[in-house]
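Chemist: Structure below; questions to follow.
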Amino acid sequence: MVAARRAAVMVLVASACATGAQAAGRETTLDGATEERILALDPNNISASELRDVLAQAPAPRIVDLQGSVPLVTMAPFAEFMVAMGYPRESLTNPADGSLTYSSFVDARKLAGTLAWYYEREGMMPMLIGHSQGGMIAIRVLHELAGDFGDSIPVWDPLRDATEERSVIVDPRTGLQRPVLGLQVPYVAVLATGTLPRLLLGQWSMLSRLREIPDTAAEFTGFSLEWDPIAGNFGSADTYRAIGSARVRNVVLPRTASHITLPLAQELALDPVTRAWIERYSPGTAVPELSSDTNPNLANLLHAADIWYSVKKHWCLEAQELIRSRRTRAVPLQ
């Protein structure tokens, strides 16, 4: 009886993963040699050639790019930057409208349920990148998953834009049922997210939580400007802090950076000089300085390079975990 029940669960997992991948146009099958090459990658040190020749063969986690409240500049240019650097476009595309950006006027609980829906079907947890109010929504999702706003989260189907009337999923890595509550997002980055707009927009419930990062993020990076009147920073930037085991980094951006134009990074991936700098970048290590007369505007170089480093790192980690779990469960990779 136990064996039969476990076999039924495995069939359910395989079917769900296959259906979701096909619906999103992301079905991928890897041979054993390619899997071994992916498993041999060092997630903390992925070269441009390794990304192009090895990692690009693996499925990629979805990335939800959340734009600001007044999207004079949406997150589409930043998504285009990541596409130019080698990230699959389909993993950045919003299924609701086919764009490369997501509104920040969204129910965070619904978005948390959407992340669970993708994880169950694709075997990889999505990543979150938010600009301004989009950063607040990303942090709110973490608190939703931590149970700070309720004791259950319904699974949400983004293709039908409807709830599935359940608050549990079949974990694709274990084949066992688990609640949506407590799921962990592998990487979250927020850009210029301040407390002043939370006051002005009446987002009171996030005021005390905005700088506290729960365990529902594995790795979190907060990018701030010391002088940012829109965010409410006048000479200093509040820091983010972990309230548990999350790995939290704070990065102060150069004074030449502007709150509104932070997503404008595509040109950096297209210029050979800045692209090479980004490809060599590693947090905490020395990277040669670029001349101020370099063709692209360098104001957005630091956060573009830092986010790209973390995105490819977690792309690798998620792909490796997917391969290991597939081998453990002997279910074909989808």
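The values are calculated or read from the model by the stated rules, or taken from the named source; none is laboratory data. Predicted model, so just to flag it, every value in this text is computed and none were measured. No Cβ is skipped: glycine too gets one built from the backbone with ideal geometry, and neighbour counts run over all protein chains shown.
Chemist: Does any residue in the range 57-84 that is within 12 Å of Val311 (Cβ to Cβ) come within less than 7 Å, Cβ to Cβ, of a residue that is of a type in the set (S, T, N, Q) and surrounded by fewer than 24 Cβ atoms within 10 Å (Cβ to Cβ) six or more places away or on a different chain, and which pairs are these?
Modeler: Every condition considered, the pairs that remain are Ala60/Ser91; Pro61/Ser91; Arg62/Ser91; Ile63/Ser91; Phe81/Gln266.
Chemist: Is one or more of the residues making up the range 286-300 under 18 Å from the mean Cα position of the chain (by Cα) and either surrounded by 13 or more Cβ atoms within 10 Å (Cβ to Cβ) or aromatic (Phe, Trp, Tyr) (or both)?
Modeler: There is no residue in the range 286-300 that is under 18 Å from the mean Cα position of the chain (by Cα) and either surrounded by 13 or more Cβ atoms within 10 Å (Cβ to Cβ) or aromatic (Phe, Trp, Tyr) (or both).
Chemist: Pick from the range 107-124 the residues that are in a loop (DSSP other than H, G, I, E, B) and in contact (Cβ under 8 Å) with a residue 40 or more places away in the chain: which of them is surrounded by the most Cβ atoms within 10 Å (Cβ to Cβ)?
Modeler: Out of the qualifying residues, it is Gly123.
Chemist: Return the only residue of Thr256, Thr261, Thr274 being more than 25 Å from Pro126 (Cα to Cα) and surrounded by 14 or more Cβ atoms within 10 Å (Cβ to Cβ). If you could, list the steps in order and put the result at the bottom.
Modeler: On the way: Thr256 fails: surrounded by 14 or more Cβ atoms within 10 Å (Cβ to Cβ); Thr261 fails: more than 25 Å from Pro126 (Cα to Cα).
That would be Thr274, the only listed residue that is more than 25 Å from Pro126 (Cα to Cα) and surrounded by 14 or more Cβ atoms within 10 Å (Cβ to Cβ).
Chemist: Could you look through the range 54-70, keep only residues that are hydrophobic (A, V, I, L, M, F, W, C) and either in contact with a Phe, Trp or Tyr (Cβ under 8 Å, 6 or more places away or on another chain) or modelled with pLDDT under 95 (or both), and pick out the one that is nearest to Ile230 (Cα to Cα)?
Modeler: Val70
Chemist: While we're here: Collect the residues in the range 144-157 that are buried (at least 19 other Cβ atoms within 10 Å of the Cβ) and either among the charged types (D, E, K, R) or out of contact with any strand residue (DSSP E or B) (no Cβ under 8 Å at 6 or more places or on another chain) (or both), keeping them in residue-number order.
Modeler: Scanning the range 144-157 gives Glu144, Ala146.
Chemist: Now, a different point. List, please: which pairs have Cβ atoms under 7 Å, are six or more places apart or on different chains, and start with a residue in the range 234-252 that is free of Cβ contacts under 8 Å to residues at least 12 places away in the same chain and within 20 Å of Tyr187 (Cβ to Cβ) and end with one that is of a type in the set (Gly, Ala, Ser) and not in a loop (DSSP other than H, G, I, E, B)?
Modeler: Taking only residues 6 or more apart or on different chains, not a single pair turns up.
Chemist: A further question follows. Output the residue which, of all residues in the range 158-175 that are in contact with a strand residue (DSSP E or B) (Cβ under 7 Å, 6 or more places away or on another chain) and assigned to a loop (DSSP other than H, G, I, E, B), is surrounded by the fewest Cβ atoms within 10 Å (Cβ to Cβ). Full working, then the answer.
Modeler: Step one: list which residues in the range 158-175 are in contact with a strand residue (DSSP E or B) (Cβ under 7 Å, 6 or more places away or on another chain), which gives 163-164, 167-171.
When the remaining residues are screened for being assigned to a loop (DSSP other than H, G, I, E, B), the result is 164, 167, 171.
Values: Glu164: 15, Ser167: 17, Asp171: 17.
Per the stated criteria, the residue is Glu164.
Chemist: Taking the conditions exactly as written (on the phi > 0 side of the Ramachandran plot and modelled with pLDDT under 95), does Gly147 satisfy them or not?
Modeler: no
Chemist: Can you find, within the range 71-83, the residue that is modelled with the highest pLDDT among those that are touching a Ser or Thr at 6+ places or on another chain (Cβ under 8 Å) and β-branched (Val, Ile, Thr)? Before you say what the answer is, go through the steps one by one.
Modeler: Of the range 71-83, the ones touching a Ser or Thr at 6+ places or on another chain (Cβ under 8 Å) are 71, 73-76, 79.
Those left that are additionally β-branched (Val, Ile, Thr): 73-74.
On the way: Val73: 90, Thr74: 96.
Filtering the range 71-83 for residues that are touching a Ser or Thr at 6+ places or on another chain (Cβ under 8 Å) and β-branched (Val, Ile, Thr), the one modelled with the highest pLDDT comes out as Thr74.
Chemist: OK, next. Please work out which one of (1) modelled with pLDDT of 95 or more; (2) under 30 Å from Ala305 (Cβ atoms) is the condition Leu181 fails and give its number.
Modeler: Every condition holds for Leu181 apart from (2).
Chemist: To continue, here is another question. Does Ala7 satisfy being at pLDDT 50 or above, part of a helix (DSSP H, G or I) and either among the β-branched types (Val, Ile, Thr) or over 23 Å from Pro186 (Cβ atoms) (or both)?
Modeler: Here the answer is no, as Ala7 does not meet what is asked.
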